[in-house]
Structures are given as structure tokens and as C-alpha cells.
Amino acid sequence: MSTATEPTAAATPGSREPLVAMADVGKSYGNVHALRGVSLEVYPGEVTCVLGDNGAGKSTLIKIMAGLHEHSEGAFCVNGISRNLASPRAAQQLGIATVYQDLALAPLMSVWRNFFMGNEIRRGLFLDSATMRRIADEELQKMGIHIGDLDRPVGGLSGGQKQCIAIARAIYFGAKVIILDEPTAALGVRQSGVVLKYIAKARDAGLGVVFITHNPHHAYLVGNHFVVLKLGRVVLDAHRDEITLDELTAEMAGGQELAELQHELRDVDPDATVAPDHPETAPAAPARSTDERRP
């Protein structure tokens, strides 16, 4: 269950209301500050890319938006109302769906069973399998996903197809905001392209997409808004027309820290090689035969 306070001040005429807005949000675990002063807005019809290295705070940000953890500081608003999400179900009821890397799919179950897992349609005491197959096929077709046999186990599909099924499922069950946790991290170039295409489809359908990634090239292909986290703080917040791919890549690579490292290594010659001219690299003496070792 989520708790709500009074709505925030109305936006000026002609402006858009964000679906989700964070203002100076922080999260502490004892003396450890996982997030500090993070501000972020997610608008319908936009892809907001959150980038950062390991330990930057991306996972904590996901958990707050998904209702797994409550924030310790700042304000977290959904549809203009300040919220404290106490559970993932509370987030889902507000239209926030999260697609994690493990996808929460059952590999041995069919495509249509996975699509309705936890939300099965029943006719009396029995599952209405015909209706669920039809709806799953229609919704996947809307996303441009052509599976063919919906009775085949999900485990036999490609990584890109699995991601797309999870996205289509979230949209069908009322998501207005979709959080994608590193959806291309374990995929090859071709399958990553498939997932990025469906991220763009979700955006074009009017959803707010939060794309969590460490890959600036993937982010720049579909992103409208870029936020880079480092050690729990926002170090970059820019829209697409304010930043180039090279600038985004440089920020992800370390920005000023990378420049300082290059300065420290200015005397290192990357073309230099050292010949293996050391006694320890000499060929080992041949082993003595069994006859030679006998007394």
C-alpha cells in the first residue's frame, strides 16, 4: 500500500505533467548513503536513460521507483501526488512496472502462460486458455513481435524475444511507466537491436520509459533524456539536444577522472614492449627418464 499527500502545485497551462518526479531523493542504509539529492522526471512518450557504473546507485533508484524500498529523503511523486511506495504491488497499482534482468519468466512454461502468469483468466474453476492465447497473440502482434507457436516454452526463445514479451506484458496490464533494468546487458548486437526497437515502440505508444544501462551507445540510440549517476549522486542531467554521444561516453568513462588519469600516464609509451629475456623464462630442463633416476 502506498501513502499519499496533497497534490503538488498545478503545472502552468500548456506544460506537461511528469508521470514520475523525484526531487532531492536520498536513500540511506544505516551510515551508508546509496543515493543523495537525486532529481529525476519521467514524461509520457519519452525514454529517460539512467546510466552509471557498478555501485553508482542505479539499483537503489530502481528499488525506490518499483516500491521495493522507501526513500529516506526528498519527495517522490506519481501523477503529481507525493507517494511512499510500500510494496511492488503499490507501484503496479499506480502504473509503474519493472522489467528486471531475470525477467521473472518461467522457462518451461508456454509463451501465453508466461504472459498471464499471476493474472490468469478463468472460466469457472478452469483456466480460459483460448482467451489467454488470443489476447497474448494480439498484444504481441501490436508490438510487432511474431512468436508463431504460443505453446512453445519461453526457454527456447532468444534473449531479445524474452525481453519483448516482458515489455508487452507490462503494457497490457496497465503500465504507464516501464522501468527496464539493463535489458541489453547480456545480449548480442542483433538481439540488443530488437529490444531497442521495442523500447522505441513503447515510447511511441505514449509510455514513460526508464532505461537503466551502462552502455551509452545503446542509450543514445533511443534516449530523449540522460541522467548519469556516480556514487549515488547525479553528475549529468541533459536532454538529447544538449549532449553528444561522445560527451555522454566520456562522462560514463570517468569524465574529469579519465583526464587526470591520462595526465598521470603521459610518460607511459603504449608502443613499448619488453623482450622476455629473463632466466625464469628460459626453457625448463627435460625430465630424467625412469631408468636415469634408478640408483
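All of the numbers you see were taken from the coordinates with simple rules; none came from a lab. Because the structure is a prediction, the values reported are computed rather than measured. Counting neighbours? That spans all protein chains shown, and the Cβs are built from the backbone with ideal geometry, glycine included.
Count Lys and Arg as plus one, Asp and Glu as minus one, and take only other residues whose Cβ is under 11 Å from that of residue 160; the net charge is then +3.
Taking θ as phi - 60° and the Karplus parameters 6.51, -1.76 and 1.60, the scalar couplings of region 28-33 work out to 10, 10, x, 8, 9, 9 Hz in sequence order, x denoting glycine and proline.
Taking other C-beta atoms within 10 Å as the exposure proxy, 135, 64 rank 135, 64 from fewest upward. Going Cα to Cα from residue 27, which lysines come in below 30 Å? Please leave out same-chain ones fewer than 8 positions away. Within reach: 58, 63, 176, 230.
Give the calculated FRET efficiency between residue 237 and residue 142 to the nearest 0.05, with a Förster radius of 45 Å applied to their Cβ-Cβ distance. It comes to 0.85. Farthest towards the positive end of the charge dipole of region 72-231, among the residues 144, 96, 111, is the Cα of 144, using unit charges on the Cβ of Lys, Arg, Asp and Glu. Listed peptides 227-236, 205-214 appear in the order 205-214, 227-236 once ranked by packing, highest mean of other Cβ atoms within 10 Å at the front.
Give, as a single signed number, the net charge of other residues whose beta carbon lies under 10 Å from the beta carbon of residue 67, with Lys and Arg counted +1 and Asp and Glu -1. Local net charge: +2.
As a proxy for reagent exposure, 115, 173, 126 were ordered by neighbouring Cβ count within 10 angstrom, fewest first; the result is 126, 173, 115.
Exposure proxy shown here: for 65, 132, 22, the number of other Cβ atoms within 10 Å sets the order, fewest to most, as 132, 22, 65.
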